[in-house]
Amino acid sequence: MDTTPEQISSRTAAAWTVALTVLGGFTGFAWDGPFLAVTCALSLGGGATLGTILSRRRMIATIREGQGKAAALGYADGIADMMVLGISAYSAAVFPLSGPGAVDTAERAARRKAAYGLTAAEGLPHPVREAAAAALEAIDGGSESDTRSAIEDLMNAVQEQRRAT
């Protein structure tokens, strides 16, 4: 069963049209017999069809607009999370828990390149991009306490981005 907004809208419109046509038929038959039953059924059924056609276009446009906004917000959230993860991995390579010589230069360079690449991704809000730049600057500066503070600020900026939307 197809559950896209278009299909659900079509099935709902068809159900309302049939229900109103049957209601019109019964009402007309109860009032004055078969001729009025057909007249009321066609009148209510036609009105229901016209109403669902006109409202369906507006409803589908609204749904599509909402889907576009949700996709953009989801992309921004996802890329922000990946950026935080990449910067954290770069930080762990620069300041490994097992000592300064635990991570070789090639791995550190690869993580640095990945972190900078994620920071340059399209769709990141400006405050998040600024916090990421500050975190990368702190990591490159070599101060572990400044790095921790900058990464916390970055995570707070990402959380603020989510709250704002």
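FRET efficiency for the pair residue 148 and residue 6, taken as 1/(1 + (r/R0)^6) with r the Cβ-Cβ distance and R0 = 41 Å, rounds to 0.25.
Each part gets one Cα centre, and for segment 125-164 versus segment 11-34 those centres are 63 Å apart. Using +1 at the Cβ of each Lys and Arg and -1 at the Cβ of each Asp and Glu in segment 1-128, identify which of 62, 37, 109 lies farthest towards the dipole's positive end. The listed residue farthest towards the positive side: 109. Contact order for the chain, expressed relative to its length and based on alpha carbon pairs under 8 Å spaced 6+ residues apart, stands at 17 percent.
Relative contact order, whole percent, for segment 2-42 stands at 31, derived from Cα pairs under 8 Å and 6 or more residues apart. Per the Debye calculation on the chain with a single equal scatterer at every Cα and no solvent contribution, log₁₀ I(q)/I(0) for q = 0.13, 0.14, 0.15, 0.19 Å⁻¹ amounts to -0.73, -0.78, -0.84, -1.07. Accessible surface of the chain, 1.4 Å probe: 65 percent of it comes from carbon and sulfur atoms. In this rough spin-label picture, where each label sits 7 Å from Cα along the Cβ direction, the residue 81-residue 107 distance is 2.5 nm.
Fully extending the segment from residue 18 to residue 162 would add 47.4 nm, taking 0.36 nm per residue of separation and subtracting the current Cα-Cα distance. Here the extension length gained between residue 70 and residue 58 equals 2.5 nm, from 0.36 nm per residue of separation less the Cα-Cα distance. Here the relative contact order of segment 85-141, from alpha carbon pairs under 8 Å that lie six or more residues apart, stands at 39 percent. A simple charge model with +1 on the Cβ of Lys and Arg, -1 on the Cβ of Asp and Glu and nothing else charged puts the dipole of the chain at about 660 debye relative to its Cα centre.
The values are calculated or read from the model by the stated rules, or taken from the named source; none is laboratory data. No experiment lies behind these values; they were computed from the predicted model shown. Positions of Cβ are backbone-derived with ideal geometry, glycine not excepted, and every protein chain shown enters the neighbour counts. The area values use the complete protein model at the heavy-atom level, side chains included, leaving out ligands, DNA and RNA. Shrake-Rupley method; radii C 1.70, N 1.55, O 1.52, S 1.80 Å.
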